[in-house]
Structures are given as C-alpha cells and as structure tokens.
Amino acid sequence: GNYKRTVKRIDDGHRLCNDLMNCIHERARIEKVYAQQLTEWAKRWKQLVEKGPQYGTVERAWCAFMSEAEKVSELHLEVKGSLMNEDFEKIKNWQKEAFHKQMMGGFKETKEAEDGFRKAQKPWAKKLKEVEAAKKAYHAACKEEKLAISRETNSKADPALNPEQLKKLQDKVEKSKQDVLKTKEKYEKSLKELDNATPQYMENMEQVFEQCQQFEEKRLRFFREVLLEVQKHLDLSNVASYKNIYRELEQNIKTADAVEDLRWFRANQGPGMSMNWPQFEEWSADLNRTLSRREKKKASDGVTLTGINQTGDQVSQPNKHSSSLSVQSNTVQSVQSSYNPFEDEEDTGSTVSEKEDNKIKNVSSYEKNQSYPTDWSDEESNNPFSSTDANGDTNPFDEDTSPAMEVRVRALYDYEGQEQDELSFKAGDELTKMENEDEQGWCKGRLDNGQVGLYPANYVEPIQ
C-alpha cells in the first residue's frame, strides 16, 4: 500500500501549479504597485522642483531622476505584464492539459496510477495473505504441541491418573506433532510461491511507477522552464533600455554646470537683466485710473476684472525665468509670488501617508519668484521699489482686521492684481479670508507670505 505516496504526488503536482501561479501573481502585483509609486513620486517631485528655487542645469540634472523613475516605472509595468500574460497563462494552460478532472472528483491521472498499482499488486497481495494465514496456523500448531508435551510430562509424575488418561495425552502429543509438520509444510509452500511471484510483482509495480515518474518529470522540467522565463522577465540588468536609462541619467547629471547657472542668473536675475527705468508720462484721466477701496464700494457700474485664466484641474505654473520688471504709470504692482507648492499641492494618487506627505510639503520654504527686501527705503508711498510694498509687509487695512472672521480659502482661478491694494494668486493657492464679501463682490484676505489686500469673492472657495 505504500504506492499511495506516489499516487499522492500527482495531486500534489496540481496543487503546486496553483501555488506557483499564486506566487507569480503576487510578484506581478508588487511590480504594479512599485511602478505606480515611482510614477507618483516622479510627478510630485517634478512639480516641487519646477516650482522651487532651483534653476538652470542643476535643476535639469535633478529632474533627470524623475525622468528615470518614469522610465523604470514603465519597465516594471512591462515586467508585470510579462508575468501575468506569459508566465501565469503558460502554467494555467499546462495544468489544464496535464490534469483532467473527473465527474466524480479527483483527476484521471490519479485514478489511472491508483488502478495500475492495485492491479500489479493484487496477485502478490493474495499470495501474501495466504502466507500470513499459513504462518498463523503453523505457529498455533507449534504452541499446541508444546502444551501437549508439557501435559504429558506432568501426568507421568501424577500417580492419580489411570492408564487410559495417560494414553489420551500421548495421542494428543502425537497428533499435535503431525499438525506441526502439516502446517509447516503448507507455510513453506505458500512462502515459496510468494517468493516466486515477487519478481513479476516487482516488475509490474515498477512499470506503473515509471509511468508516474515520467509524468512527474514533465512537471519538474516544465517548472524549471517557467522559472527560467520568470527570471528573464525579472532581470532588468540584461535589458538594453534599462542600462540606457542610467547611462542617460549619468550624462544629465554630468552636464550640470555651476558656472553656466551663475552666468544665467546674473543675466536674468542680476545686474545683467533688462531694466525698465521710470520715464516721464503724460497724465490721462482714463488711463490706469487707480480706484481706492472706498471708490470700489461706491461704484455702481460694477468692476471689470482682467487677468483671469480658468485652468480647471490644471494649475498654471508661473513663468519660471521671468527677467523683466514692469512698472506701469502710477499703478503700483506688488512684486510678490504667493504660490507655495509645498503647502497647497494636491496629490490624490499618492500612497504616502498624510504625516509623511506633510513632511514632504515642508521640504522647502522658498519660491521661484520670491522677492527679497532691499536695504534702502523711500518715504514716497507710490514708489514701486519700496521694500515694504514689494514684500507686502504694509497693511493698509490694519484698522479693519478682524481675526475672529478669518477663514481659509482656496483659489479657483488665476488672478493678477490690477492695483496696489489687490492680491495676486494662482489657481490652487490657499489664503486667509479676513472680511466677508462687500456689496461690490470684493473680499479682504491675507496671503501666506503676509501680504494683505482685496480679491474677487467668486474667485475662491472655502477649504472643507
């Protein structure tokens, strides 16, 4: 009956196919998740770097890491596809062809092996049963003979027994000796027949066993073949495009040139930038008329808004390398960027936890177009180069500030302030509403950099 271990191996082979498919499926899922995380990481950090203070060739070298992540993500998605579409399906199809289920349960191959072993063992098992029976009869006869001899010996020493009783004991001993000879002869004969049948039995059993071995050999060889294919799909080191990714990354990093970046900054943000010095301009009643906050409230014909860029889900990015400073007549424009990508950026697809996300958001407190205070001041309030006005440190509405009414809001559209007391912001920026909407549709608010001013009420929405 020990052939059942060989038969069980067939069922185990079917189960091992399932285990291997599950193993590959889990690895494919890991590849997919890793690819998604790489893409999300690249998207998030590309935005942070582009909106951050880094510039020039070093910025391009930094962004090369995000490009590398996107390309590697594509390769890992290809790995996932190969594992599921090729390896997984190959095992599934082979299992279906190798194992045939029966109506009553189990597999056809298992039943054939079971029947083959049972048929090969049946004649020998029958003779083995006869040997066991002959052996049992012989041992019982020997036991009976010994008991009869012991009784006869004891009776000779007992004077109370008559000759007739003694004769019966002697006959019992004689009969038991004859039984021993008969059973021994039968036992030896059945054992000899069993020995004669053993070679044929072994040959028949081995024939069935070899059939099982051949079936198992096919499975083992198939598993080895599949595992080698899985290895090739997972081994990106032999993929030419994978090597090119890091060769290109290295070249992009080596192209970073500090001297070139400094030269660019001098030409665009330093002494070499184009200047727009103030010039004499004739006064015009209709041109660049500055409305005070009080005049805005009293206006009955409404306010015309300009500089509106509805972007929907796409937050427009500020000009990264703007090099000109524009001063229009008497209108004072605040030179201040209020966009902070490290606080307001939304990354709904990211798998990073909220706590870690907040850490990433605070990586940098700088902004690409951040203004810096000058070392000199001018008492004239209409000086566009005043350090206080440029940085939004002055607050013409101090007397109206009511902290109790402050509410955080998010910009729905881009808005560029047209006058000195108006705020400028981008879609997606967050700011603090300090006063509710007036009758003309204006609110007073404060940007995160401290600048206070007016903005259209319908350009923002409360943050839930």
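The values are calculated or read from the model by the stated rules, or taken from the named source; none is laboratory data. Source: prediction; values computed, not measured. Neighbour counts run over all protein chains shown; Cβ positions are idealised from the backbone, glycine included. When the accessible area is computed, the model is the full protein with side chains, heavy atoms only, and any ligands, DNA or RNA have been set aside. Shrake-Rupley method; radii C 1.70, N 1.55, O 1.52, S 1.80 Å.
Enumerate the pairs (first residue in region 1-28 and more than 30 Å from residue 201 (Cα to Cα) and assigned to a helix (DSSP H, G or I); second residue anywhere and open to solvent by less than 80 Å² (accessible area, probe 1.4 Å) and aromatic (Phe, Trp, Tyr)) with beta-carbon separation below 7 Å, excluding pairs fewer than 6 apart on the same chain, so at least 6 apart or on different chains.
Cβ pairs passing all conditions: 20/223; 21/88; 24/88; 25/88.
Working only within region 80-114, note down all residues that are open to solvent by less than 40 Å² (accessible area, probe 1.4 Å), touching a helix residue (DSSP H, G or I) at 6+ places or on another chain (Cβ under 6 Å) and not in a helix (DSSP H, G or I).
99
Determine if region 429-439 includes at least one residue that is modelled with pLDDT under 90, outside any loop (DSSP other than H, G, I, E, B) and not hydrophobic (A, V, I, L, M, F, W, C).
The answer is yes, given that some residue of region 429-439 is modelled with pLDDT under 90, outside any loop (DSSP other than H, G, I, E, B) and not hydrophobic (A, V, I, L, M, F, W, C).
State which residue is surrounded by the most Cβ atoms within 10 Å (Cβ to Cβ) when the search covers only region 240-258 and only residues that are of a type in the set (S, T, N, Q) and in a helix (DSSP H, G or I).
252
Results for (1) within 14 Å of residue 142 (Cα to Cα); (2) open to solvent by 80 Å² or more (accessible area, probe 1.4 Å); (3) in a helix (DSSP H, G or I), shown as yes or no for each residue.
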site	(1), (2), (3)
166	no, no, yes
174	yes, yes, yes
179	yes, no, yes
185	yes, yes, yes
196	no, yes, yes
202	no, yes, yes
207	no, yes, yes
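With respect to residue 389, determine if the residue is surrounded by 20 or more Cβ atoms within 10 Å (Cβ to Cβ), in contact with a Ser or Thr (Cβ under 7 Å, 6 or more places away or on another chain), modelled with pLDDT under 85 and under 24 Å from residue 276 (Cα atoms).
Yes, satisfied.
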